[in-house]
Amino acid sequence: VNVYTVNVTNESGSTATFGGVTLTNNGAFTVGGNVTFTAAVHTLTGTGNFAADTITTIPAGATVSTSSNHTLGSLVIDLGGIFNITDDTISFRSTVVPPITNNGTFTTTNSTITYLFGAGAQTLATANIVYNNLTIDNPSDVTLDGSETVNGILTLTSGKIITGVNVLSIAPGGSVVRVAGHVVGNFLKNVALGATSRTFEIG
């Protein structure tokens with residue numbers, strides 16, 4: 001098992017760089033180049049930040065697991081590759097369309113996928129993606145590339161979700177938390193039998 005641990009305290013404002021990895025004084029790391037994992041078992045710990053133009057690839061035979069927060073550029077999971085995230089947040093800044101390409105296995109147990117500001121307009125990846133919690137925090141907006149269901153909490157922090165001909169659905173056990181922004185287009189929620197009140201965050 002390859003374990004990547006960030007447990008470094010630097011002087012305030014200082015950095016340490018080696019092998020394409022930059023450690024900052026808060027113990028986070030920033031990767032500025034493309035990353036391809038080897039066909040082995042990898043565990044990511046600490047807090048990681050990958051540059052917006054970084055492509056992180058998980059090839060066949062590689063299993064990458066993490067239970068800590070990371071910001072990625074874009075993610076490619078090849079057939080036979082596995083990416084497991086548990087109880088954490090994976091954020092995307094990339095404008096690559098889509099920022100997630102999943103041809104392998106991508107599990108998001110109790111976790112949140114966030115589409116972040118700073119990268120311009122984004123496309124929300126839907127093919128072979130199961131979203132537990134989903135956060136939209138991009139004032140430049142996010143567009144669906146297919147219909148999608150959020151099983152947990154959809155958090156609208158900033159920006160719009162534009163569905164086009166697609167449908168954004170909230171699972172029967174899911175919910176929506178809105179700070180700002182809304183859904184433009186087709187938005188589906190479960191409505192129980194009997195007297196039921198539902199708010200649709202649309203515009």
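Check GLY164: other-chain or 5+ apart residues with amide H under 5 Å from its amide H, H built from backbone geometry?
For GLY164, whose amide H was placed from the backbone, the distant partners under 5 Å are ASN186.
Within 10 Å of each candidate Cβ there may be at most 12 other Cβ atoms; applying that plus a DSSP loop requirement, which trypsin sites (Lys or Arg not before Pro) in the range 96-203 survive?
ARG198
What is the projected area of the convex hull of the Cα atoms of the range 76-159, averaged over all directions, in nm²?
Details: hull surface 19.1 nm².
Taking the Cα atoms of the range 76-159, their convex hull projects to 4.8 nm² on average.
Heads up, I need the accessible area for VAL96: 1.4 angstrom probe, whole protein in place, Å², nearest 10.
Estimated to the nearest 10 Å², VAL96 gives 70 Å².
Distance in nm between label sites at ALA60 and ASN190, each 7 Å beyond Cα in the beta-carbon direction?
That separation, rounded to one decimal, is 3.9 nm.
Enter the per residue convex hull volume of the range 122-203, computed from alpha-carbon coordinates, in Å³ rounded to the nearest integer. It would help to have the intermediate numbers written out before the result.
Working: hull volume 7.1 nm³, N = 82.
It is 87 Å³ per residue.
For the range 150-198 and the range 98-129, what is the separation of their Cα centres, given in Å?
17 Å
When the accessible area of the range 116-166 is computed with all protein chains present and a 1.4 Å probe, what percentage of it is carbon and sulfur?
On the way: 1020 of 1820 Å².
Answer for the range 116-166: carbon and sulfur cover 56 percent of the accessible area.
Working only with C-alpha atoms, what are the Rg and Dmax values of the range 32-137, expressed in angstrom?
12.3, 34
Sequence-distant or interchain residues sharing an amide H contact under 5 Å with THR126, placed H: which?
Amide H neighbours of THR126, under 5 Å, 5+ apart: ASP145.
Compute the signed sum of charges (Lys and Arg +1, Asp and Glu -1) over the other residues within less than 15 Å, Cβ to Cβ, of ILE170.
Details: positive: ARG178, LYS189, ARG198; negative: GLU148, GLU201.
Net charge in that neighbourhood comes out at +1.
The values are calculated or read from the model by the stated rules, or taken from the named source; none is laboratory data. Remember, predicted model here, so these are calculated numbers, not experimental data. Positions of Cβ are backbone-derived with ideal geometry, glycine not excepted, and every protein chain shown enters the neighbour counts. Please note that ligands, DNA and RNA were not included when accessible areas were found on the heavy atoms of the full protein model with its side chains. Shrake-Rupley method; radii C 1.70, N 1.55, O 1.52, S 1.80 Å.
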